[in-house]
Amino acid sequence: MSSIQEIVEKALKEGYLTPAMEAEVGRLCDTNRELPVAEYKALDRLMGALLSGEVVAMPQKQFINVMEELVISEVISRIAEVETMVEQTVDIGDVAAYALNRLPPLYATTEEGAEYQRQRAIEELKELIVKKVEEGINRFLDQPVYFPERNIIAEKKPSGVVNQVSKLLQDYAPDYEREHS
């Protein structure tokens with residue numbers, strides 16, 4: 001198991017903080033009721049390095065699946081039509097997940113790559129996208145409501161590593177600056 005100090009040293013040496021490093025720091029803070037002063041100092045040092053740009057936080061996601069945006073767009077337009085004809089609310093997420101599980105992913109890491117994938121999908125896969133969305137809607141409308149108490153997956157709002165480290169420091173060391181000034 002790494003310590004916060006080791007992670008901070010590695011981040012300072014490499015010049016970046018990976019999502020895995022960030023998650024490990026969070027886990028260490030969550031599992032320890034009281035961190036040693038040295039660990040608080042390491043968190044403080046990391047915060048300063050992030051604010052100064054000495055360490056750069058790598059984004060969680062460096063790619064997109066263009067198929068997701070195309071499917072969501074199609075689902076929204078089709079559901080608007082369907083809901084005028086039925087008295088049932090169609091779940092966008094359920095229909096999109098159904099269609100996406102039956103369509104090829106189209107990942108891109110650049111804007112140019114994403115545009116290429118969009119054009120390719122429009123030219124080669126538009127009919128298949130429409131068909132799978134339609135199947136998803138029909139399947140959703142035909143199924144009885146199972147597990148009405150189910151919990152949807154909530155999207156975690158990324159607040160940025162600086163805010164997360166700041167929150168960790170506030171939560172776990174609210175009086176640190178007063179005690180060590």
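Of the residues that sit in segment 11-33 and are among the β-branched types (Val, Ile, Thr) and surrounded by 15 or more Cβ atoms within 10 Å (Cβ to Cβ), which one is farthest from SER52 (Cα to Cα)?
VAL25
Taking segment 135-159 on its own, how many of its residues are in contact with an Asp or Glu (Cβ under 9 Å, 6 or more places away or on another chain) and at pLDDT 90 or above?
Going through segment 135-159 one residue at a time, the tally reaches 2.
I need the full set of residues from segment 93-110 which are hydrophobic (A, V, I, L, M, F, W, C) and either buried (at least 17 other Cβ atoms within 10 Å of the Cβ) or more than 14 Å from ARG139 (Cα to Cα) (or both), in order please.
Of everything in segment 93-110, those that are hydrophobic (A, V, I, L, M, F, W, C) and either buried (at least 17 other Cβ atoms within 10 Å of the Cβ) or more than 14 Å from ARG139 (Cα to Cα) (or both) turn out to be VAL95, ALA96, ALA99, LEU100, LEU103, LEU106, ALA108.
Looking at segment 111-124, which of its residues are surrounded by 15 or more Cβ atoms within 10 Å (Cβ to Cβ) and free of Cβ contacts under 8 Å to residues at least 24 places away in the same chain?
Result: GLY113, single match.
Could you figure out which of (1) out of contact with any helix residue (DSSP H, G or I) (no Cβ under 9 Å at 6 or more places or on another chain); (2) surrounded by 15 or more Cβ atoms within 10 Å (Cβ to Cβ) isn't true of SER52?
(2)
Looking only at segment 77-91, decide whether some residue is under 21 Å from the mean Cα position of the chain (by Cα), outside the structural domain of LEU12 (by TED's automatic domain parsing) and modelled with pLDDT under 90.
yes
The values are calculated or read from the model by the stated rules, or taken from the named source; none is laboratory data. No experiment lies behind these values; they were computed from the predicted model shown. A quick note on method: Cβ atoms are made from the backbone with ideal geometry, for glycine too, and the neighbour counts reach across all protein chains shown.
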